[in-house]
Amino acid sequence: MTAVFDPGAEAARATDAILRDTLRGTHRGVVVDSPPGAGKSTLVVRAALELAAAGRPLMVIAQTNAQVDDLVLRLAEKNPDLPVGRLHSSDADPYDKALDDLPNVRKSAKAGELAGLDVVISTAAKWAHVKGVEPWGHAIVDEAYQMRSDALLAVANLFERALFVGDPGQLDPFAIVGSEQWAGLSYDPSASAVTTLLAHNPELPQHRLPVSWRLPASAAPLVSDAFYPFTPFRSGTGHGDRRLAFAVPSDGSGPDRVIDEAAESGWGLLELPARHTPRTDPEVVRALALVVRRLLDRGGAATSERSDGPVPLTADRIAVGTAHRDQAAAVRAALAELGVQEVTVDTANRLQGREFDVTVVLHPLSGRPDATAFHLETGRLCVLASRHRHACIVVCRSGVADLLDDHPSTEPVQLGVMVKFPDGWEANHAVLSHLSEHRVRWEP
Amino acid sequence: MSLISTLARLEAVETGRAQPVATVRHRHLTGRPLVCVPLTTAGEAGAPLGALVGTDRDAPRLLVVPQPRDRDLRFAFLAELADVVLPYIDSYAADVEAAERSETDPETGKRVKVEVELCADAPQLIVPSRAGIDFVRLLGRSMRFRRTAEQDPEAPHPAPPRVPLLGRWLTHYGERARVPGSALLLALTDVLSRHWATGQSSLEDQHLGALLAWIDPPEGESGAGAALRAELLRDGRGQLVCPPAGPATDPAFDNKLLAPAIERYDRARTALAAAEDGVEADDRLGELTAAEQHIRELVASRTRPTWDAVWQGLDLLRALPEGGHAADRWTRDRWSFTGHRDRVLAGEPPQPRRDDAVTAANKLATREREQARLEAQEALDDPLVMAGRRLAGEAFAGEVTDVVMAYGEGRRPVPRPLVTVRTDDRPQPAERARVYRSLGGRPQAAEFVGHEDDGALVVLRIVDKMGRGKEPEPGSLPEKGDRVCFTLFEHEQRGGAKLPDPEETPWTHGGPPGDGSPPPDAVTEEDVL
Amino acid sequence: MNKATLASALGSPSAFGQSQFAFMRGNAFEARVKADGGAELLRLVHERLDPEAPPPKGGAVPDLGASGPEGRTARTALALREATGTGGWTLLDHPLLALDVAGSPAFLEPDAVVVHPDGSWTVVEIKSFPMLDGSADAAKVGAAARQSAVYVLALEQVAAHVDPAPRVRHTVLLVCPKDFSNLPTASAVDVRKQRSVTRRQLERLTRIEEIADSLPEGTCFAPDLPPDRLTAAVESVPATYAPECLSACELAFHCRDRARAQDAVTSLGRSLRAELGGLTTVGSVLAAARGESGDPDDPAVAALRRAAALRSEALGGVAAPRAAAEAVPCP
């Protein structure tokens, strides 16, 4: 008899092992790789609650204020009685006003005023200014792969031991100036915090959350193969578990056909004729907006394990992803013209960590005459292709495969730097060849 | 590259001469820079062939290594280079002014002002191209660990003390050159390209001769034609008429001229060593001198055109008025110079081969801060640079159409006036985002309130620099009809968080670095071919 | 075909060539690395790539001499097969490998291939640029990695014909002079990325016959043809010039002349085109920027006009800086 993959049991096993190492292990650090939608936030909240319950003073380090506020809200939701400190900056509006409604959350710009609380949460940037305090016994470092090594250097003396959690496939941290002179050094300040940590402490236990609860069965294999070739994961749901259906039948137009293709298969590629265009290609932007308009107009309903019946596909369950801010602005304007308001439109950077039912993506290489390292970065494509629970529709000009062939990666190689996989060029080809099986050609 | 610079390049193609991409000079130039045009030997790292150095454009000092593979001749060259460069550096070390610096008091841990010395000016080193900066670093690296006879009486090939000292200075200058906006060590091609766009690619702009041909073509000739000749024209002997700015030489020069000359020199040396009496030795010494002289002439012939080109380039740059903030950045360079002077005086060891974790992180933080500072300052100093930021939606300029007095919500009413600006620019600030304008050289902040009239009007709420009273101080508010320019980026940079001291490097970064007076480079006979 | 000779005949000689100093030092360095039956080279392979294996004591260096490339390839394949079962270290000095490229064999000569005691194969690349304090010029290391990846692919084709197929290591050994000396030091370079990119390129490569078929009847690249016929012949081959070509191809100066004559914006740099949309010539971009042509609703055209307006506003009243320098420019 073949073993049946039980995602719930697999995930529980991984979580138990992580908590065991965190609460009772002997190592100073534990690293957890979490692919998209694998329950990273749930893990962080649970680890925080268990550490607090065990009477271990805990600091939590996140990367952005939004992430910090989100964690505070989640903790309070799980345990409203837990004394939590929100350390914030002294800028105007330093935290989400929703925190003011939580009686057990104390807010302060001074770490000293939060001393003694079970959990204190802030951004890495704010923690870096905390000096002259007794170190915490435990820390949780969230989004550790998006944290730079130098940011960890600034805060690591604040804790004895730490749990590092993050997604290795998303966008790498970057520096706005060259940092080649430190390439190959174990503590290269521009590398990710996890890279440095593991280079100096290779014996630390490394775990992996093996199940994506977000990505549907149609998406997990592609995303796993293309972006996590050496740390594969599975979808938590099977092929029949999720369904996307539309009340209004297709009118035969390109947008409607690609919506149907994506509803059926989980992926859709709306391909416009090849042409070199500036980033804010008006035809492609308009096509994106039309797809969104039709998604809303056709009375979509999403069926999943989360609810008993179909749930209407509303504007807040749809997102548009782009590579550049001006593209996002152009799409917003085009949507406004079509009377669409509530749909999230943002760049890959800002969509990291978010989740929607359907995403509509402007392919980063669409219409480009050249392929730069920025556009080939795997993290960008990975973020854009892994935000959806049901379907992802990519809008693109034809000719990207030829463009990739004209720009083979000829990256410089730094001695001593661990090769990061996958290669952007290779991953782009892989995604493109998969998408081409779900192609709808359209001439607007 | 912004579309504005792209247009400049295309206009350069059309007009046949370079077009401005800056209206002011964004780097400080001192009155007496030291120019260095080095040449290196192909195939070998850190084997100089020669150099032209000096502060007088009419009287460069020619230094030559007649046999670059000969270790003793190489060291003699480095010692001679130190004889030129160190007195130049020293001439700036003594002229100081009093200044204040914030330091952490070791006892109280509080930040206190300390009276310190700041050198009134600093030595400025100019090389022709970016490869020249790399070569300065390479020379610094090859010299700073050299042992003197005093340090290590047993060392083979002991170096005179000024050689490792020069190595430390060149290393400092090479590192400083990585700081955005610094001007202690400049590559002329970089500075020229910052101010002019040519009708060729930025890759081709790294050829100093071609770059200058576009910017300042000979009378009656197009920049394109002159650049092509500078790049490719060869004389009857197959030699480039405009030799590369170095430090690498043209292979045709190596093979056809230099190799035979070095062979002749080697033969003359061998013959001299084999001389059996004084008369024979005198004759053979004459031949050796002649052979050496020939190599000196060859090196001079390859470096002198570049030397002249560097000074021509400096003239072109000096003709531009200096940008308002260039002096501010030069003051930072003076601090950098003074700091290294003090470290040398204090007897600190040479810079290590590779930075420790804390030093690397501090350098990266400094450079990121200086990059942001440079971008802001260049835009504030130069309308053409600001135009690029406006095109990118990072700034907007226009006319004030309305000023409405309003007050904040606090207990004490503070002025929070609303200012409406009509602009053709299309900024995309987030809700409540901060924008800044320069008010007498200091940034005044405002909050973005909203767009009106389909984006043509931007409504802002001014939030600071209006004094302490209920009414804004006179002159602190723009008035209806004023031209204003607001930026979405900050004008001044905040200092980052202080990192731990190296001896407190955390376990995540390998703990404190080991004790490190770095060992000298291994010297083996195999080094010399 | 010799592209340098061809370039000279076309009237755009390339600036390529090697200094005899670099050539001599490179040869001397490689000879030093391989001296004493490759003792130092095998020591480096052992130390950097396979420290668990028994240390090499006098590895075998088989004779690879044979006549013609086919003969040498066959000799290399035989030597590899023989060495694989011996359980010792073997150094193949300048083996010859054949790689199938679009249906034709391309012959490749790595500096060395080492057979490990466990029967696995490693490509060794010897370069004369230095490793200074453990780091080296990243562009040069990148080029060496791409070169080595091709050798790895070729070795994999050889290995596929051996039963059981030996493992071809995807980590190659790059040997360079250490610091300022002529002593060898080495670094392991993982070429998996380069290998997979090269593999994909080989799969997609336009077959050479297809290029040949698309050429006009009777096209011939003989350098002694009259220049106009030669130019016509070369121009019948599709090529896209970009400034990066200048450091990579002997024909780049010729292609640059053509690109400039065609007024192509890419001759000023590939990245320039990113914001220009469908506009590809200098004339058409400037005309669009000045409002003489182009559709104002095209965002590229609109952006150009805004850029042109902002630029002239900023330069208003400021004459293009032109210094009255007396210095003599290069003639």
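For segment B:231-247, the condition holds for at least one residue, the condition being that it is under 27 Å from B:Ser2 (Cβ atoms) and within 12 Å of chain C (Cβ to nearest Cβ). Among the residues of segment B:153-190, those that are surrounded by fewer than 20 Cβ atoms within 10 Å (Cβ to Cβ) and either free of Cβ contacts under 8 Å to residues at least 40 places away in the same chain or within 14 Å of chain C (Cβ to nearest Cβ) (or both) comprise B:Pro153, B:Glu154, B:Pro156, B:His157, B:Pro158, B:Pro161.
If you check C:Leu174, C:Leu202, which single one turns out to be within 14 Å of another protein chain (Cβ to nearest Cβ) and modelled with pLDDT of 95 or more? Before you say what the answer is, go through the steps one by one.
On the way: C:Leu202 fails: modelled with pLDDT of 95 or more.
Result: C:Leu174 is the single residue among C:Leu174, C:Leu202 that is within 14 Å of another protein chain (Cβ to nearest Cβ) and modelled with pLDDT of 95 or more.
C:Pro95 meets the conditions (1) within 30 Å of B:Asp355 (Cα to Cα); (2) in contact with a Pro (Cβ under 8 Å, 6 or more places away or on another chain) in every case but one. The failed one is (1).
Taking strands (runs of 3 or more DSSP E) as the structural unit, those lying wholly within segment A:119-217 and holding at least 2 residues that are over 30 Å from A:Asp423 (Cα atoms) correspond to A:119-123, A:136-141, A:159-166.
Please determine, by comparing only the residues of segment C:14-65 that are within 14 Å of chain B (Cβ to nearest Cβ) and aliphatic (A, V, I, L, M), which one is farthest from C:Arg169 (Cα to Cα).
Narrowing segment C:14-65 to residues within 14 Å of chain B (Cβ to nearest Cβ): C:14-33, C:35-36, C:40.
In the following step, the residues that additionally are aliphatic (A, V, I, L, M) were identified as C:15, C:22, C:24, C:28, C:31, C:33, C:35.
Values: C:Ala15: 37, C:Ala22: 30, C:Met24: 31, C:Ala28: 28, C:Ala31: 24, C:Val33: 21, C:Ala35: 24 Å.
Of everything passing the filter in segment C:14-65, C:Ala15 is farthest from C:Arg169 (Cα to Cα).
Residue by residue through segment A:188-210, note down the ones that are touching an Asp or Glu at 6+ places or on another chain (Cβ under 8 Å) and over 16 Å from A:Thr22 (Cβ atoms).
Applying the first criterion (touching an Asp or Glu at 6+ places or on another chain (Cβ under 8 Å)) to segment A:188-210 yields A:189-190, A:192, A:195-196, A:205-210.
The answer is A:Pro189, A:Ser190, A:Ser192, A:Thr195, A:Thr196, A:Pro210.
Residue-level check: of (1) within 30 Å of A:Leu152 (Cβ to Cβ); (2) modelled with pLDDT of 90 or more; (3) loosely packed, with under 12 Cβ neighbours inside 10 Å, B:Arg483 misses just (1). Selection of segment A:174-195 for residues being within 26 Å of the chain's Cα centre (by Cα) and of a type in the set (Asp, Glu) yields only A:Asp188.
B:Ala79 meets the stated requirement of being away from every other protein chain (no Cβ under 14 Å) and assigned to a helix (DSSP H, G or I).
Can we say B:Arg284 is within 29 Å of B:Val163 (Cβ to Cβ) and more than 9 Å from every other protein chain (Cβ to nearest Cβ)? Quick ask: steps written out before the conclusion?
Numbers: within 29 Å of B:Val163 (Cβ to Cβ): no; more than 9 Å from every other protein chain (Cβ to nearest Cβ): yes.
Here the answer is no, as B:Arg284 does not meet what is asked.
To keep it simple, each residue is scored yes or no on (1) more than 12 Å from every other protein chain (Cβ to nearest Cβ); (2) at positive phi; (3) touching a strand residue (DSSP E or B) at 6+ places or on another chain (Cβ under 9 Å).
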site: B:Arg296; (1), (2), (3): yes, no, yes
site: B:Thr303; (1), (2), (3): yes, no, yes
site: B:Thr306; (1), (2), (3): no, no, yes
site: B:Leu320; (1), (2), (3): no, no, yes
site: B:Arg329; (1), (2), (3): yes, no, no
site: B:Glu348; (1), (2), (3): yes, no, no
site: B:Ala360; (1), (2), (3): no, no, no
site: B:Arg373; (1), (2), (3): no, no, no
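Answer yes if at least one residue in segment B:499-509 is within 11 Å of chain A (Cβ to nearest Cβ), within 38 Å of the chain's Cα centre (by Cα), farther than 22 Å from B:Gly408 by Cα and of a type in the set (D, E, K, R), and no otherwise. Yes, segment B:499-509 has at least one match.
Name the single residue, out of those in segment C:300-331 being crowded, with 19+ Cβ neighbours inside 10 Å and more than 7 Å from chain B (Cβ to nearest Cβ), that is modelled with the highest pLDDT. Among those that are crowded, with 19+ Cβ neighbours inside 10 Å and more than 7 Å from chain B (Cβ to nearest Cβ), it is C:Val301. Taking segment A:317-346 as the range and being in contact with a helix residue (DSSP H, G or I) (Cβ under 7 Å, 6 or more places away or on another chain), charged (D, E, K, R) and either touching a residue at least 60 places away in the same chain (Cβ under 8 Å) or within 13 Å of chain B (Cβ to nearest Cβ) (or both) as the test, only A:Asp346 passes. For the residues C:Ala79, C:Ala106, the requirement of being assigned to a strand (DSSP E or B), among the aliphatic types (A, V, I, L, M) and surrounded by fewer than 24 Cβ atoms within 10 Å (Cβ to Cβ) singles out C:Ala106. Set side by side, the residues B:Glu204, B:Glu221 differ, and just one is touching a helix residue (DSSP H, G or I) at 6+ places or on another chain (Cβ under 9 Å), within 24 Å of B:Thr40 (Cβ to Cβ), within 12 Å of chain C (Cβ to nearest Cβ) and charged (D, E, K, R), which is B:Glu204.
For C:Pro238, the test of being more than 7 Å from chain B (Cβ to nearest Cβ), outside any helix (DSSP H, G or I) and modelled with pLDDT under 90 is passed.
Within segment B:163-177, identify whether any single residue is under 30 Å from the mean Cα position of the chain (by Cα) and not in a helix (DSSP H, G or I), and answer yes or no. Within segment B:163-177, one or more residues are under 30 Å from the mean Cα position of the chain (by Cα) and not in a helix (DSSP H, G or I). If I filter segment B:1-47 down to residues being under 18 Å from B:Tyr173 (Cβ atoms) and not in a strand (DSSP E or B), which single residue comes out as nearest to the other protein chains (Cβ to nearest Cβ)? Residue satisfying both the conditions and the ranking: B:Gly46.
All conditions in (1) more than 19 Å from B:Ala131 (Cα to Cα); (2) touching a residue at least 60 places away in the same chain (Cβ under 8 Å) hold for B:Thr104, with the sole exception of (2).
Residue-level analysis places C:Val141 among those that are modelled with pLDDT of 90 or more, under 20 Å from the mean Cα position of the chain (by Cα) and within 11 Å of chain A (Cβ to nearest Cβ).
Check whether at least one residue in segment B:141-152 is buried (at least 19 other Cβ atoms within 10 Å of the Cβ) and farther than 29 Å from A:Gly178 by Cβ, and report yes or no. Spell out the reasoning first.
Taking segment B:141-152 and keeping what is buried (at least 19 other Cβ atoms within 10 Å of the Cβ), we get B:141-147.
In the following step, the residues that additionally are farther than 29 Å from A:Gly178 by Cβ were identified as B:147.
Scanning segment B:141-152 turns up at least one residue that is buried (at least 19 other Cβ atoms within 10 Å of the Cβ) and farther than 29 Å from A:Gly178 by Cβ.
When C:Thr84, C:Thr122 are screened for being surrounded by 19 or more Cβ atoms within 10 Å (Cβ to Cβ) and at pLDDT 95 or above, only C:Thr122 passes. Would segment A:391-414 turn up any residue that is more than 10 Å from chain C (Cβ to nearest Cβ), surrounded by fewer than 24 Cβ atoms within 10 Å (Cβ to Cβ) and of a type in the set (Ser, Thr, Tyr)? Yes - at least one qualifying residue is present in segment A:391-414. Quick one: in segment A:347-377, of everything that is within 14 Å of chain C (Cβ to nearest Cβ) and of a type in the set (Gly, Ala, Ser), which residue is nearest to the chain's Cα centre (by Cα)? Here the residue is A:Ala373. What tally of residues in segment A:75-89 results from selecting those that are surrounded by 17 or more Cβ atoms within 10 Å (Cβ to Cβ) and either in contact (Cβ under 8 Å) with a residue 60 or more places away in the chain or not in a loop (DSSP other than H, G, I, E, B) (or both)? Counting residues in segment A:75-89 that are surrounded by 17 or more Cβ atoms within 10 Å (Cβ to Cβ) and either in contact (Cβ under 8 Å) with a residue 60 or more places away in the chain or not in a loop (DSSP other than H, G, I, E, B) (or both) gives 6.
The values are calculated or read from the model by the stated rules, or taken from the named source; none is laboratory data. Just so it is clear, the model here is predicted, and its values are computed rather than measured. FYI the Cβ positions are ideal-geometry reconstructions off the backbone, even for glycines, and counts take in every protein chain you see.
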